[in-house]
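As structure tokens, the structure follows; a few thoughts come after it.
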Amino acid sequence: MKHIIAVIVLIAVITVALATWLNSINLLPPLASAEGIPIDWLFSLHIQVIAFLFALIMGFMLYSVVAFRRKKGDTGDGAFVHGNAALEIVWTVVPLVIVLYFGYLGAITLRDITSPGRDELVVEVTGSQWNWRFDYPEHGLSSTELNLPVGRTVLLKLTSIDVIHDFWVPEFRVKQDAVPGMIKELRVSPIETGTYQLRCAELCGLDHAYMLANVNVMPSTEFDGWINDELEELAKAAAGPALERGQRVAELMGCQDCHTLDGSQGKAPTWLGLYGKEETLSDGSTVLVDDEYIHESIVNPSAKIVNGFGNTMPARFGEELSEEQIADLIEYIESFSE
Ligand code: CUA
């Protein structure tokens with residue numbers, strides 16, 4: 001009896017000390033979404049159970065090492081213990097109930113954080129190697145940064161034009177894959193203004209670690225102001241020179257992730273001096289870089305591969321871009337001719 005009481009006290013002390021310490025060292029980044037509230041609560045509940053399990057095992061072990069140590073001169077065998085059915089049932093049934101209960105908590109939390117909210121803002125998120133693009137279909141806008149109003153549920157519709165990427169803002173807690181050919185949904189209700197960083201959480205190739213984008217959560221008046229400014233910019237660009245529109249298309253599509261503008265050869269041919277040049281292809285033939293060739297290279301990139309480069313350009317730009325956008329883009333590429 002003396003041993004049992006001592007072990008219970010030891011386990012209680014280790015549990016409380018460990019859980020307090022783990023909860024105090026900020027294992028998670030600051031919280032910025034409503035969906036994160038029940039997730040953080042579940043996380044801290046797990047920490048408490050983990051602390052208890054650790055204490056249970058270590059408490060019994062440490063106590064036994066000290067209290068039941070072999071006495072000096074004692075060379076006899078220990079007592080022979082043959083099973084204990086009651087104990088075995090307890091340590092099977094109790095963890096089973098705990099695991100089922102946690103499964104239940106997880107399921108209702110998932111239901112709550114994925115159910116539609118009122119007046120959702122829809123943002124289409126497109127991942128590509130190694131770039132994020134955000135389209136606001138209600139406003140007809142596209143952006144390379146994700147701007148969101150605070151306090152409103154955002155329905156993100158995620159897809160990819162090449163391989164699987166994964167939308168992850170640690171401060172929002174929730175996470176979802178962007179899969180080519182599919183639309184995956186994710187709901188986020190930002191509760192704190194600020195700038196956060198979106199990162200890709202699916203190993204997607206060479207520059208996976210640098211596939212980042214800013215996420216700006218702002219008051220809704222500021223968000224409306226941003227929408228208006230962007231619409232004005234867009235109207236101005238529509239009336240302005242094609243090459244400025246082309247530059248914006250290049251930014252949105254992440255062209256410069258592979259095509260440099262300074263003559264250095266990246267993962268794809270540089271745009272500096274490209275237009276008007278004779279390009280040698282992988283089969284040894286040559287082709288003049290003109291409007292027609294660039295158009296083909298955008299909508300069907302595998303048709304003609306430049307010697308020394310791989311067939312790595314995503315094949316879906318033909319579907320992503322309108323004919324006008326492609327024409328603007330060609331104009332922009334032409335502006336780098338020598
Ligand atoms: Cu995209 Cu990793």
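The values are calculated or read from the model by the stated rules, or taken from the named source; none is laboratory data. Keep in mind that this is a model prediction, so the values were computed, not measured. Methodologically, a virtual Cβ is constructed for each residue, glycine included, from the backbone with ideal geometry; neighbour enumeration extends over all protein chains shown.
Answer with yes or no whether residue 237 is in contact with an Asp or Glu (Cβ under 9 Å, 6 or more places away or on another chain), of a type in the set (Gly, Ala, Ser) and more than 16 Å from the ligand (Cβ to nearest atom).
yes
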Legend entry - Failed condition for residue 221, given (1) of a type outside the set (A, V, I, L, M); (2) closer than 22 Å to residue 36 by Cβ; (3) away from the ligand (no atom under 16 Å from the Cβ): (2)
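Residues are listed down the side, and each one gets a yes or a no for (1) within 10 Å of the chain's Cα centre (by Cα); (2) farther than 16 Å from residue 145 by Cα; (3) more than 16 Å from the ligand (Cβ to nearest atom):
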site	(1), (2), (3)
185	no, yes, yes
189	no, yes, yes
195	no, no, yes
199	yes, no, no
211	yes, no, no
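Specify which of the listed residues (153, 144) is of a type outside the set (D, E, K, R), over 18 Å from residue 177 (Cα atoms) and within 16 Å of the ligand (Cβ to nearest atom).
Just one listed residue meets the conditions, 144.
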Legend entry - Qualifying residue in region 253-263 (condition: within 16 Å of the ligand (Cβ to nearest atom), over 16 Å from the mean Cα position of the chain (by Cα) and closer than 24 Å to residue 116 by Cα): no
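Could you pull out the residue among 162, 177 that is within 16 Å of the ligand (Cβ to nearest atom) and more than 28 Å from residue 234 (Cβ to Cβ)?
Values: 162 fails: more than 28 Å from residue 234 (Cβ to Cβ).
The match here is 177.
Please work out if residue 207 is under 30 Å from residue 313 (Cα atoms), within 16 Å of the ligand (Cβ to nearest atom) and acidic (Asp, Glu). Don't jump to the end; show me each part of the working.
Numbers: under 30 Å from residue 313 (Cα atoms): yes; within 16 Å of the ligand (Cβ to nearest atom): yes; acidic (Asp, Glu): yes.
Yes: the conditions hold for residue 207.
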Inset, instruction - Take region 25-59 and flag every residue that is modelled with pLDDT under 90 and hydrophobic (A, V, I, L, M, F, W, C). - result: 25, 27
Inset, instruction - Look through 86, 79 and report the one residue that is among the hydrophobic types (A, V, I, L, M, F, W, C), in a loop (DSSP other than H, G, I, E, B) and at pLDDT below 95. - result: 79
Inset, instruction - For region 261-274, indicate whether the set of residues that are more than 22 Å from residue 139 (Cα to Cα), surrounded by fewer than 16 Cβ atoms within 10 Å (Cβ to Cβ), of a type in the set (Ser, Thr, Tyr) and at pLDDT below 90 is non-empty. - result: yes
Inset, instruction - Considering (1) of a type outside the set (D, E, K, R); (2) away from the ligand (no atom under 16 Å from the Cβ); (3) surrounded by 19 or more Cβ atoms within 10 Å (Cβ to Cβ), say which one residue 169 fails and leave the rest. - result: (2)
Inset, instruction - Please go through region 200-233 and pick out each residue that is surrounded by fewer than 13 Cβ atoms within 10 Å (Cβ to Cβ) and aromatic (Phe, Trp, Tyr). - result: 210
Legend entry - Among the residues listed as 14, 89, 98, 39, the single one being of a type outside the set (Phe, Trp, Tyr) and closer than 20 Å to residue 3 by Cβ: 14
Inset, instruction - Keeping to region 108-131, report how many residues are among the polar types (S, T, N, Q) and within 16 Å of the ligand (Cβ to nearest atom). - result: 4
Inset, instruction - Within region 15-30, identify whether any single residue is hydroxyl-bearing (Ser, Thr, Tyr) and closer than 24 Å to residue 108 by Cα, and answer yes or no. - result: no
Legend entry - Flag for residue 288 being over 18 Å from residue 242 (Cβ atoms) and surrounded by 15 or more Cβ atoms within 10 Å (Cβ to Cβ): no
